[in-house]
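Q: Okay, here's the structure, questions in a sec.
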Amino acid sequence: MVRIAETLMTPAAKARVQATLMPGESLEDLASWADEVRQSRPQTYNWHFVDIPLDSTGLDMNRDCAGGDCVIAQITNFQTAWVNPTATAESRREALLFLVHLAGDLHQPLHCANNNDKGGNNVPVAFLGNSTNLHALWDSGLLRTLAGEDQLFATLSQAITADQITAWSSGTVEQWAGESFQAAKGAVYALLPAAEKGQPVALGQLYEQMVESLLEQQLEKAGVRLAAILNASAQ
Ligand SMILES: [Zn+2]
């Protein structure tokens with residue numbers, strides 16, 4: 001996702017990122033930093049998701065993002081900090097580190113939907129016989145079924161069309177979250193088979209095949225939109 005973004009960043013944005021990172025650091029390596037500080041900075045805990053109720057028709061910022069305590073409001077805040085020419089070096093760096101992470105979280109459908117199950121964390125799953133839960137499956141388990149990282153990057157970055165870049169770069173963070181919510185509703189949950197009473201939901205290759213193109217497109221969109229965010233400059 002970060003590597004896709006890097007191919008789409010303007011020279012000016014690349015230079016700004018370079019100037020924000022320390023020597024030897026890469027954007028990709030820093031993408032997990034926001035998860036690492038989540039425990040020591042509990043006020044950032046809710047910044048990684050927005051709980052849009054699965055049985056609702058869609059996002060309601062007053063209901064789902066009260067007080068700006070959600071991923072949508074935080075991406076917007078850090079976007080503003082990133083383009084602010086008078087921001088301190090420290091706040092610009094923090095904005096970059098959160099944006100590179102939260103752009104990914106926003107495109108994980110279960111970070112934008114909740115079925116009274118902690119975004120799928122409380123849904124036990126047996127995936128190809130391995131015990132996990134629905135949220136973790138979408139965070140990482142399904143990713144491991146795709147091609148290796150280098151091959152995946154090559155395939156996805158070649159597959160993205162110019163029209164898709166234009167379309168995906170437009171719109172608002174709220175709309176992008178709405179797409180993730182619809183993906184959760186229309187695919188992540190809709191394609192789940194019923195579990196036997198007291199048993200985890202048994203998932204295997206069939207589920208994987210049905211959601212693979214969605215999963216890949218969410219990664220593509222995250223990369224395109226991270227680039228769009230970082231390419232923006234002060235108006
Ligand atoms: Zn996160």
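The values are calculated or read from the model by the stated rules, or taken from the named source; none is laboratory data. It should be emphasised that the depicted structure is a prediction, and the values quoted were computed from it without experimental measurement. Quick reminder, even Gly has a Cβ in these numbers, built from the backbone with ideal geometry, and neighbours come from all protein chains shown.
Q: Within the stretch 13-41, can you find the residues that are without any contact (Cβ under 8 Å) to a residue 12 or more places away in the chain, under 21 Å from Leu110 (Cβ atoms) and of a type outside the set (D, E, K, R)?
A: If the condition is that a residue be without any contact (Cβ under 8 Å) to a residue 12 or more places away in the chain, under 21 Å from Leu110 (Cβ atoms) and of a type outside the set (D, E, K, R), then Gln39 is the only one that fits.
Q: Taking Glu174, is it surrounded by 11 or more Cβ atoms within 10 Å (Cβ to Cβ) and more than 15 Å from Asn115 (Cα to Cα)?
A: yes
Q: Do we find a residue being in contact with a Lys or Arg (Cβ under 9 Å, 6 or more places away or on another chain), under 19 Å from Ala5 (Cα atoms) and crowded, with 18+ Cβ neighbours inside 10 Å anywhere in the stretch 204-223?
A: Yes, there is a match, as at least one residue in the stretch 204-223 is in contact with a Lys or Arg (Cβ under 9 Å, 6 or more places away or on another chain), under 19 Å from Ala5 (Cα atoms) and crowded, with 18+ Cβ neighbours inside 10 Å.
Q: Here is a follow-up. Looking for whichever is of a type outside the set (Ser, Thr, Tyr), under 14 Å from the mean Cα position of the chain (by Cα) and within 28 Å of Thr161 (Cβ to Cβ) here; the options are Val2, Val17. Which one fits?
A: Result of the check over Val2, Val17: Val2.
Q: For residues that are crowded, with 17+ Cβ neighbours inside 10 Å and assigned to a loop (DSSP other than H, G, I, E, B), tally how many sit in the stretch 1-21.
A: Of the residues in that region, 2 qualify.
Q: Right, something else. Here is a list of conditions, (1) crowded, with 17+ Cβ neighbours inside 10 Å; (2) among the β-branched types (Val, Ile, Thr); (3) in contact (Cβ under 8 Å) with a residue 60 or more places away in the chain, and Thr132 meets all of them except one; can you say which number that is?
A: (3)
Q: Considering only the stretch 158-173, state which residues are outside any helix (DSSP H, G or I) and touching a residue at least 60 places away in the same chain (Cβ under 8 Å).
A: If the condition is that a residue be outside any helix (DSSP H, G or I) and touching a residue at least 60 places away in the same chain (Cβ under 8 Å), then Ile160 is the only one that fits.
Q: Further, regarding this structure: May I ask you to list the residues in the stretch 23-71 that are among the hydrophobic types (A, V, I, L, M, F, W, C) and either within 14 Å of the ligand (Cβ to nearest atom) or touching a Ser or Thr at 6+ places or on another chain (Cβ under 9 Å) (or both)?
A: Of everything in the stretch 23-71, those that are among the hydrophobic types (A, V, I, L, M, F, W, C) and either within 14 Å of the ligand (Cβ to nearest atom) or touching a Ser or Thr at 6+ places or on another chain (Cβ under 9 Å) (or both) turn out to be Leu30, Ala31, Trp33, Ala34, Val37, Trp47, Phe49, Val50, Ile52, Cys70, Val71.
Q: Moving on. Among the residues of the stretch 134-144, is any closer than 21 Å to Val2 by Cβ, among the aliphatic types (A, V, I, L, M) and more than 16 Å from the ligand (Cβ to nearest atom)?
A: Among the residues of the stretch 134-144, at least one is closer than 21 Å to Val2 by Cβ, among the aliphatic types (A, V, I, L, M) and more than 16 Å from the ligand (Cβ to nearest atom), which makes the answer yes.
Q: Failed condition for Glu6, given (1) under 19 Å from Leu219 (Cβ atoms); (2) touching a helix residue (DSSP H, G or I) at 6+ places or on another chain (Cβ under 7 Å); (3) modelled with pLDDT of 95 or more, with all others met?
A: So Glu6 meets the others, but not (2).
Q: Moving on to the next point. Does Ala194 satisfy the condition of being surrounded by fewer than 16 Cβ atoms within 10 Å (Cβ to Cβ), under 30 Å from Ser56 (Cβ atoms) and at pLDDT 95 or above?
A: no
Q: Looking only at the stretch 72-105, which residues are crowded, with 22+ Cβ neighbours inside 10 Å and away from the ligand (no atom under 16 Å from the Cβ)?
A: Answer for the stretch 72-105, where residues must be crowded, with 22+ Cβ neighbours inside 10 Å and away from the ligand (no atom under 16 Å from the Cβ): just Trp82.
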